[in-house]
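Participant: Sharing a structure with you now.
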Amino acid sequence: MQLDSKVPAGPLEKKWDRHRFELKLINPANKRKFDIIVVGTGLAGASASATLAELGYNVKTFCIQDSPRRAHSIAAQGGINAAKNYPGDGDSIWRLFYDTIKGGDFRAREANVYRLAQISNHIIDQCVAQGVPFAREYGGLLANRSFGGAQVSRTFYARGQTGQQLLLGAYGALMRQVHAGKVQLFPRHEMLDLVLVDGNARGIVTRDLISGRVESHAAHAVVLATGGYGNIYFLSTNGNSGNVTATWRAYKKGAFFANPSFVQIHPTCIPVHGTYQSKLTLMSESLRNDGRVWVPKNPGDKRAPNDIPDSERDYYLERKYPSFGNLVPRDVASRNAKAVCDEGRGVGPTGYAVYLDFRDAIKRDGREVIRKKYGNLFQMYERITGEDPYETPMMIYPAVHYVMGGLWVDYNLMSTIPGLFVLGEANFSDHGANRLGASALMQGLADGYFIIPYTIGGYLAGTLLSDVKEDHPAFKEAEKAVAEKISRLLSIKGRRTVNDFHRELGRLLWNNCGMSRNDADMQEAKKKIPQLREEFWENVTVPGTPGEFNQVLEKAGRVADFLEFAELMVEDALQRRESCGCHFNEAYQTEDNEALRNDETCCYVSTWQFNGDGKEPTFHEEPLVFENVELIQRSYK
Ligand SMILES: Cc1cc2nc3c(=O)[nH]c(=O)nc-3n(C[C@H](O)[C@H](O)[C@H](O)COP(=O)(O)OP(=O)(O)OC[C@H]3O[C@@H](n4cnc5c(N)ncnc54)[C@H](O)[C@@H]3O)c2cc1C
């Protein structure tokens with residue numbers, strides 16, 4: 001099967017304009033005849049719901065938290081990119097496009113990434129108009145800082161709370177539409193299945209997480225903005241509610257999954273400190289603007305950091321990558337941290353940590369300047385570790401943070417199921433094999449505010465859809481399947497907790513398909529995952545009943561989906577015979593331990609089609625064609 005990316009013809013800079021002109025329109029009076037379901041209220045979902053409702057569509061919006069404001073986007077710290085070039089340091093739309101495509105190791109679609117760079121500037125205008133309190137320079141212009149993989153300052157920020165402030169902006173816009181009666185909000189509702197009628201996505205089945213009621217909701221199109229699945233590793237920087245359920249169940253209904261093994265490891269997280277920890281905390285990459293990363297030169301040096309003189313410190317990123325220094329991209333910084341720890345030069349009680357040191361920045365700029373830039377991050381670090389980072393360097397180590405894989409979408413953000421659109425971290429697009437910092441927020445908001453409003457109109461205007469309501473047999477069938485799965489989970493009454501299975505799966509994936517991978521480990525994971533899944537379905541314990549608030553039951557469903565999805569992740573990682581960005585297979589590396597791509601045979605998006613439980617999925621490639629950039633070995637030296 002040939003995947004049609006629907007990328008418009010013509011020069012790169014003109015594609016989006018031309019496409020918008022060519023998309024069919026729906027007149028304003030007719031928009032109110034269409035119902036759209038949006039699942040997810042993070043930046044992608046909230047911005048999409050607000051904008052679609054503002055256009056006149058009837059929107060039903062779902063999320064699993066008690067309020068849209070608690071979507072995971074709230075946790076984003078460092079910032080959002082845009083090519084405004086306020087500092088006058090050489091930025092442009094083209095440079096943002098180029099940095100992003102290179103940062104992703106040339107495994108993303110050119111046209112999508114260019115569009116993202118173009119839209120980035122509109123996002124900032126929109127958010128400022130909503131009142132998002134971005135940091136400003138003394139003259140009133142918005143301030144910028146740098147992030148990894150760029151030599152210009154293009155990251156807009158609101159201290160270390162950028163996601164929170166952006167989400168409050170989108171949430172305000174969403175709630176305005178709730179009050180206007182154009183958005184019906186369903187918090188604490190989990191999507192558990194997608195419903196197709198005549199091959200088109202026509203609705204969803206949800207469980208009301210308070211009453212346990214299983215319900216159907218019909219619409220003319222469905223938008224998934226359900227975030228990423230990094231939580232599959234158990235320990236990650238993601239919120240605990242992160243899951244793959246919505247996209248996995250859509251996959252089982254025919255949506256192709258793309259690049260499932262592309263997982264980003266973030267270099268600056270507070271290291272693991274105990275077996276029963278449930279989460280890892282990110283220290284924003286923006287800290288690497290001023291913090292210097294180092295380890296002792298000599299293995300086993302157990303002296304306190306402030307007792308180690310400069311001559312005995314190895315500022316390894318500055319030494320190896322003089323051009324980018326501490327601001328190398330995340331994959332490069334993560335692998336280098338692992339390498340120095342593997343050499344026995346790691347610090348802290350476990351030896352799996354490196355220092356992020358602000359001594360020189362404080363000496364240069366003063367404590368107050370540093371506090372203004374990063375105060376809440378320093379406070380967070382101190383609350384968690386009990387150490388004052390103004391006095392002692394922070395200890396950091398890489399952790400799972402973000403996923404570049406997700407449901408495959410075309411240029412219109414539509415999956416392989418007509419009428420099913422996928423936005424934000426839930427889709428695979430734009431970041432290739434590695435996401436540069438501050439570009440996930442950019443992508444989620446570009447998708448929600450500026451792409452879906454056009455492309456969904458094109459779909460609805462160009463498709464004949466029959467009248468479908470919740471009493472259609474397809475809904476009844478899906479409701480029955482959902483209810484059966486729930487009863488099955490409750491009937492097992494085994495001896496191991498859901499968390500126990502999740503923790504074991506996470507450890508297996510981290511060790512065998514994590515920061516760096518090799519075929520033997522991955523083959524072992526491929527064998528062990530089905531065994532763990534089998535044991536889960538025989539020995540998990542889920543207390544309570546289906547008709548009540550039951551958080552263990554919720555989690556059990558999500559872990560059951562992780563246990564299936566994990567196998568696809570490993571399969572995908574094995575299939576890619578190269579290293580690219582965060583997908584690092586030890587068999588493919590340069591002499592300098594950098595990822596060694598194979599552009600001859602692997603320049604594609606890998607996509608997977610479901611064939612039924614217990615059957616091998618079918619692999620399809622979307623070849624990536626680069627007409628505007630030259631594929632080079634990434635170098636940050
Ligand atoms: C700690 C941290 C810091 C970060 N900092 C930055 C940063 O500085 N800059 C940057 O660009 N990126 C950052 N990122 C990445 C970025 O925050 C995320 O990629 C982005 O916010 C994802 O937005 P989203 O709208 O796609 O999904 P989310 O914000 O994850 O929202 C998902 C939504 O889907 C809902 N949902 C999920 N499953 C279901 C279901 N089955 N049924 C119903 N609803 C469901 C949830 O309730 C939620 O509303 C950071 C990530 C982390 C973990």
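The values are calculated or read from the model by the stated rules, or taken from the named source; none is laboratory data. Predicted, not measured: the structure shown is a model, and the values here were computed from it. Positions of Cβ are backbone-derived with ideal geometry, glycine not excepted, and every protein chain shown enters the neighbour counts. With ligands, DNA and RNA removed, areas are computed over all heavy atoms of the protein, side chains included. Shrake-Rupley method; radii C 1.70, N 1.55, O 1.52, S 1.80 Å.
Participant: Note the angle between two axes, namely the Cα long axis of helix 551-575 and the longest principal axis of the Cα atoms of the chain, as a number of degrees from 0 to 90, rounded to the nearest 10.
Facilitator: 70
Participant: Take the Cα coordinates of the range 379-532, assign each an equal point scatterer, and use the Debye formula without solvent to give log10 I(q)/I(0) at q = 0.09 Å⁻¹.
Facilitator: Normalising to I(0) and taking log10 leaves -0.58.
Participant: Beyond 23 Å, what share of the Cα-Cα pairs of the range 81-193 remains, rounded to the nearest whole percent?
Facilitator: 43
Participant: Using a cut-off of 26 Å between alpha-carbon atoms, which lysines can reach Lys372, once sequence neighbours fewer than 8 places away in the same chain are excluded?
Facilitator: Lys372 reaches Lys84, Lys363.
Participant: Of all DSSP beta bridges located in the chain, what percent are antiparallel, nearest 5?
Facilitator: Within the chain, antiparallel bridges account for around 70 percent of the total.
Participant: Pick out, from Val422, Ser286, Val128, the residue whose Cα sits farthest towards the positive end of the charge dipole of the chain, with +1 on the Cβ of Lys and Arg and -1 on the Cβ of Asp and Glu.
Facilitator: It is Val128.
Participant: OK, next. Using the basic label-point model (7 angstrom from Cα toward the beta carbon), what is the Lys372 to Asn240 distance in nanometres?
Facilitator: Each label point lies 7 Å from its Cα, and together they span 3.8 nm.
Participant: What does the extension gain come out to for Lys469 and Ile384, with contour length at 0.36 nm per residue minus their alpha carbon separation?
Facilitator: 25.6 nm
Participant: Where does each of 208-217, 35-44, 497-506 land if you order them by average Cβ count within 10 Å, highest first?
Facilitator: Averaged packing, sorted descending, gives the order 35-44, 497-506, 208-217.
Participant: For Met414, Met283, give the ranking by accessible area with the largest first, probe 1.4 Å.
Facilitator: Putting Met414, Met283 in descending order of accessible area: Met414, Met283.
Participant: Working from Cα positions, state the angle (0 to 90°, nearest 10) between the long axis of helix 110-130 and the longest principal axis of the chain.
Facilitator: The helix 110-130 is inclined about 90 degrees to the chain.
Participant: In the chain, what percent of the accessible surface is made up of carbon and sulfur (1.4 Å probe, ligands and nucleic acids excluded)?
Facilitator: Its accessible area is 50 percent carbon and sulfur atoms.
Participant: Let's see if you can work this out: charge +1 on each Lys and Arg Cβ, -1 on each Asp and Glu Cβ, no other charges. What is the dipole magnitude of the range 456-547 about its Cα centre, in debye to the nearest 20?
Facilitator: Roughly 360 debye, rounded to the nearest 20.
Participant: Suppose R0 equals 22 Å; then what is the FRET efficiency for Glu591 and Glu318 from their Cβ-Cβ distance, rounded to the nearest 0.05?
Facilitator: 0.60
Participant: How many Å² of accessible area per residue for the chain, probe 1.4 Å?
Facilitator: Accessible area per residue: 37 Å².
Participant: Another question about this same structure. Could you give the angle, 0 to 90 degrees to the nearest 10, between helix 162-179's Cα long axis and the longest principal axis of the Cα atoms of the chain?
Facilitator: 20
Participant: Using Stokes-Einstein with the Kirkwood hydrodynamic radius over Cα pairs, what translational diffusion coefficient do you get for the chain at 37 °C and a viscosity of 0.692 mPa s, in µm²/s rounded to a whole number?
Facilitator: Here the translational diffusion coefficient equals 132 µm²/s.
Participant: Okay, moving on. Beyond 20 Å between alpha-carbons counts as too far, so tell me which of Lys252/Lys485; Lys33/Lys469; Lys297/Lys320; Lys252/Lys480; Lys279/Lys493; Lys528/Lys615 fall in that bin.
Facilitator: Violating the 20 Å limit, Cα to Cα: Lys279/Lys493.
Participant: Which one of Ala304, Thr268, Trp248 has its Cα pushed farthest toward the positive end of the charge dipole of the range 174-311, where Lys and Arg give +1 and Asp and Glu give -1 at the Cβ?
Facilitator: Final value for the positive-end residue is Trp248.
Participant: Protein chains only, probe 1.4 Å: how do Leu235, Leu460 rank by accessible area, largest first?
Facilitator: Leu235, Leu460
Participant: Compute the FRET efficiency between Ser487 and Asp310 as 1/(1 + (r/R0)^6), taking r as their Cβ-Cβ distance and R0 = 51 Å, and round to the nearest 0.05.
Facilitator: Here the calculated transfer efficiency is 0.20.
Participant: Moving on to the next point. With the Cα gyration tensor of the range 452-546 in hand, convert its eigenvalues to equivalent ellipsoid semi-axes via √(5λ) and list them largest first in whole Å.
Facilitator: 37, 26, 11
Participant: Could you give the nm distance between label points at Asp125 and Trp94, where each point is 7 Å from its Cα heading toward the beta carbon?
Facilitator: 2.2
Participant: Which percent, to the nearest 5, of DSSP beta bridges fully inside the range 506-637 are antiparallel?
Facilitator: Roughly 90 percent of the DSSP beta bridges within the range 506-637 come out antiparallel.
Participant: Using 0.36 nm per residue, how much length does the chain from Glu630 to Phe549 gain when fully extended, once their Cα-Cα distance is taken away?
Facilitator: Net length gain for the segment: 23.7 nm.
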